[in-house]
Structure formats: C-alpha cells, structure tokens
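Quick notes on the structure that follows.
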Amino acid sequence: MSGSVLIWLYRHSLPVRLTHWINVLCLTILVMSGLQIFNAHPALYWGERSDPDKALLSMKAMRDESGQLMGVTRILDYAYDTTGILGASTDGTGQTRARGFPDWATIPGPQWLAMGRRWHLFFAWLFVVNGLLFVLYAIISRHLANDLIPWWKDLRGIGRSVLDHLLFRHPKGEAARRYNVLQKIAYILVIFGLGPLIVLTGLSMSPMLNAAFPELLTLFDGRQSARTIHFITAFAFIGFVLIHVFMVLISGVWNNLRSMITGWYTVRS
C-alpha cells in the first residue's frame, strides 16, 4: 500500500494468550467427550422425565427395506435420514453401526462411557478455573472495561459494523487497533452468558449437587431440561468457534495467530 506505515502493536498479554489456548484445549476435549456421553442415550427431553414418546430430539438406527442399517434423526415430529453422520455411521473397521454421533467425533474412544465422563469432568473444572482466572485478570488489568465491554459509543456504530462484516471489509489504521462492536458483544455474551449457562446446567446433572442445591433443578425445570440446555449451549459454543476461526482466516491468518502466540499484531496506518 503506497504511503502506508506498518505499525507493531502488543495486542494480547501473556495471561490472555495462556487462557485462550487452555480454552481451546478444554473446549475441544469437552465437546468430543460430551458427544461420547450423549451417545449413551442419544435423545433430548424437557422436564424431569425422559419419555421416549416426547423426545425433542432423537438419533436412532433402523433397517431400511433392503435390510441396510440407516440413521434417522427426529426433531419434534420431523424425521430426517442422517445415515453416515447421525444415528448410524461407519466405524474404524468399515462397519456401519448404531450410534448417535460418529466415532471420529468422540473421545477417548469410540465407546468408552466411564472414561469419557472422567475426561469431561476433569476438563470441565479446568475450563471453569481458567475462565475465572481470565475474568479476574480482565477486571484487574482493565482489559474488560477498556477492550471487551461494548459501551454506548460502540453500540452507535453497530449498523456500520454489521455492513462491514457482510461485505468482508476489515478495519484498517486506527480502527484495527481495537475490537469492533460485534466482537465485543460476542465475547461478552460468551463470557457472561454461554459460560455460566453451560456450567450451571452441567452442575444440575450431578446427583450429589442436586441433593445439596435442589434449586438448580427448579431453575432449569428438571434434569432433562438442564441436559437439553447444556447440549444446545455446547453447540452455541461450537458456532461461536466456527465463526471466530472463519474471521481469523479471512482477516489475516498469520497476523492473528502471531498476536495470540507472541502478543504482537501489525496494522497499517
């Protein structure tokens, strides 16, 4: 760019970078071990009871007219053929088997419920501790107030920011030094919305905590409701991550990765 000057900015501090990569590890293992747990009973309900006739979502395997195993995913009253992905999929030996999510999407193995629960619980607590440390640091360092909270002056430009994203126009110069309003809104919703919600619904499924804090089940209208909200929130996290990765790819992979590895980010003025 003629006449432009490349400016180096120290964008991400060490605590921000460490908590970010710990979250990457935790979320990857939590999602995949969570799918392993879900596969033990691949259906969702509302309320306290799991009534098969009233499932909000179910993944099943059945035989077609030729005797081949097929996967069927039912959402409310609508059924869909999801063979190969949901309900029935091919395992490592090439055999089609009945399972909610395919074995490549589950850890620590294709079917290891007990260990999957242990992995899920361990990394869930690591995720919670890591999140609390990040929020504490963000408050003390004023990273939260200065960089993440969308103030009124930011919200006034939300229309322009939406248009820029739709047209794939990336900020330059002074605007590239800070998060845009849509990024701020997304981060705040994840930190103070999705994060607490997925933790509370996860705790609501613990019999021990149910006995100590029965109000949790009342809050979510029953254990099955909490499980359903937990599942939906997990996929909301996945959606956020996919959008986040997409924006990294189209706005400069190396510049964004370098900033989250070394802290240094470049802008042109």
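The numbers here are math on the coordinates, done by the rules we state, and not lab data. Bear in mind the structure is a predicted one, so any value in this text is a computation, not a measurement. Glycine also receives a Cβ, built like all others from the backbone with ideal geometry; neighbour counts cover every protein chain displayed.
For the chain, what is the per residue volume of the convex hull drawn over the alpha-carbon atoms, in cubic angstrom?
Numbers: hull volume 49.9 nm³, N = 269.
Enclosed volume per residue, from the Cα hull, is 185 Å³.
Charges on Cβ only, +1 for Lys and Arg, -1 for Asp and Glu, centred on the Cα centroid of the range 96-220; of 170, 131, 158, which one is farthest towards the dipole's positive end?
After comparing all options, I get 170.
Just to confirm the filter: which chymotrypsin sites (Phe, Trp or Tyr not before Pro) across the range 101-202 are DSSP coil and have at most 12 other Cβ within 10 angstrom of their Cβ?
Details: sites: 104, 112, 119, 122, 123, 125, 127, 134, 137, 151, 152, 168, 179, 187, 192; in loops: 112, 151, 168, 179.
Passing both the DSSP loop test and the Cβ count: 151, 168.
Kindly write out, for the range 24-38 in residue order, the coupling ³J(HN,Hα) from the Karplus curve 6.51 cos²θ - 1.76 cosθ + 1.60 (θ = phi - 60°), rounded to whole Hz, with x marking Gly and Pro.
4, 4, 4, 5, 4, 6, 5, 5, 6, 6, x, 5, 4, 5, 4
When only C-alpha pairs under 8 Å and at least 6 residues apart count, what is the relative contact order of the range 42-105, in percent? Walk me through the numbers before you get to the answer.
On the way: 136 pairs, mean separation 15.5, N = 64.
So the answer I get is 24 percent.
What is the helix-to-structure angle for 195-204, meaning the angle in degrees between its Cα long axis and the longest Cα principal axis of the chain, kept from 0 to 90 and rounded to the nearest 10?
Helix 195-204 sits roughly 20 degrees off the main axis of the chain.
Given 0.36 nm per residue, what is the gain on full extension from residue 135 to residue 69 after removing their alpha carbon distance, in nm?
Working: separation 66, 0.36 × 66 = 23.76 nm, distance 4.82 nm.
Gain in length upon complete extension: 18.9 nm.
How high is the relative contact order of the chain? Use alpha-carbon pairs under 8 Å, at least six apart in sequence, and give a whole percent. Working shown, then result.
Working: 350 pairs, mean separation 69.4, N = 269.
Here the relative contact order equals 26 percent.
Which of the trypsin sites (Lys or Arg not before Pro) across the range 113-190 are loop residues per DSSP, with 16 or fewer other Cβ within 10 Å? All intermediate terms of the calculation are to be shown ahead of the outcome.
Details: sites: 117, 118, 142, 153, 156, 160, 169, 172, 177, 178, 184; in loops: 142, 156, 169, 172, 178.
Here the trypsin sites (Lys or Arg not before Pro) that fit, given the DSSP loop and packing criteria, are 142, 156, 169, 172, 178.
Run the quick spin-label model on residue 111 and residue 41: label points 7 Å from Cα toward the beta carbon, then report their separation in nm to one decimal.
Spacing of the two 7 Å Cα→Cβ label points: 1.8 nm.
What distance in nm lies between label points placed 7 Å from Cα along the C-beta direction at residue 251 and residue 152?
Spacing of the two 7 Å Cα→Cβ label points: 2.6 nm.
Multiply the residue separation of residue 126 and residue 166 by 0.36 nm, subtract the distance between their alpha-carbon atoms, and state the gained length in nm to one decimal. Before the final figure, lay out each step's value.
Working: separation 40, 0.36 × 40 = 14.40 nm, distance 3.59 nm.
Here the segment from residue 126 to residue 166 would lengthen by 10.8 nm.
Which trypsin sites (Lys or Arg not before Pro) in the range 1-60 sit in a loop by DSSP (not H, G, I, E or B) and have at most 11 other Cβ atoms within 10 Å of their own Cβ? Intermediate values should be presented prior to the final figure.
Numbers: sites: 11, 17, 49, 54, 60; in loops: 11, 49.
Within the range 1-60, the qualifying trypsin sites (Lys or Arg not before Pro) (loop, at most 11 other Cβ atoms within 10 Å) are 49.
With a/c under 1.5 counting as rounded, go ahead and sort the range 35-111 into rounded, prolate or oblate using the C-alpha gyration tensor (a ≥ b ≥ c being the square roots of the eigenvalues; past the cut-off, prolate if a/b is larger than b/c, else oblate). Provide the component values of the computation, followed by the final result.
On the way: a/c = 2.59, a/b = 1.26, b/c = 2.05.
Oblate, because a/c is 1.5 or more while a/b does not exceed b/c.
What is the Cα coordinate range of the range 1-50 on the first, second and third principal axes, sorted by size from largest, in whole angstrom?
For the range 1-50, the Cα extents along the three principal axes come out at 66, 26, 19 Å.
Based solely on its DSSP helices, what 222 nm [θ] is calculated for the chain when runs of n ≥ 4 H residues each add -39,500 (n - 2.57) and the sum is averaged over all residues, nearest 500 deg cm²/dmol?
It comes out at -16500 deg cm²/dmol, rounded to the nearest 500.
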